[in-house]
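The values are calculated or read from the model by the stated rules, or taken from the named source; none is laboratory data. Every value quoted in this text rests on a predicted model; they were computed, and no experiment measured them. Counting neighbours? That spans all protein chains shown, and the Cβs are built from the backbone with ideal geometry, glycine included. For the accessible areas, the whole protein counts, side chains as well, though only heavy atoms, and no ligand, DNA or RNA atoms are used. Shrake-Rupley method; radii C 1.70, N 1.55, O 1.52, S 1.80 Å.
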Amino acid sequence: MKQAGQRSTVKLTRNLCERAEKREDQYELWHAEIASFGLRIMPCGVKSFIVHYRADAVRRTAKRRTYTLGASAH
């Protein structure tokens, strides 16, 4: 079990997305091979694919933002 604040990186497969269970707090599973791509699981059980990005990627001075791609069908 990961401690709070630690990033969980795994290969996001259909099976893993289906098996991801809701918890008391929202959490993310990050794809180990695709940078900044992950699955967010909300306390109510809703699962969404997300991407982290920066508007100023060259200098990395911009605030990190999260874009929701869409809800998982599982």
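Scanning region 37-51 for residues being open to solvent by less than 40 Å² (accessible area, probe 1.4 Å), in contact with a strand residue (DSSP E or B) (Cβ under 7 Å, 6 or more places away or on another chain) and either assigned to a loop (DSSP other than H, G, I, E, B) or not β-branched (Val, Ile, Thr) (or both) gives a total of 4. Would you point out the residue of region 37-51, among those that are among the small types (Gly, Ala, Ser) and out of contact with any His (no Cβ under 9 Å at 6 or more places or on another chain), that is farthest from Thr13 (Cα to Cα)? Step by step, filter region 37-51, then rank; the result is Gly45.
The set of residues in region 54-74 being open to solvent by 100 Å² or more (accessible area, probe 1.4 Å) and either aromatic (Phe, Trp, Tyr) or in contact with a Cys (Cβ under 6 Å, 6 or more places away or on another chain) (or both) consists of Tyr67 alone.
For region 18-36, the tally of residues that are out of contact with any Ser or Thr (no Cβ under 8 Å at 6 or more places or on another chain) and either in a loop (DSSP other than H, G, I, E, B) or more than 16 Å from Ser8 (Cβ to Cβ) (or both) stands at 12. Pairing residues of region 19-35 that are over 17 Å from Tyr67 (Cβ atoms) with residues that are basic (Lys, Arg), at Cβ distances under 7 Å and at least 6 apart in sequence or on separate chains, gives Ala20/Lys47; Ala32/Lys11; Glu33/Lys11.
The set of residues in region 52-66 that are over 23 Å from Lys11 (Cα atoms) and among the hydroxyl-bearing types (Ser, Thr, Tyr) contains only Thr61.
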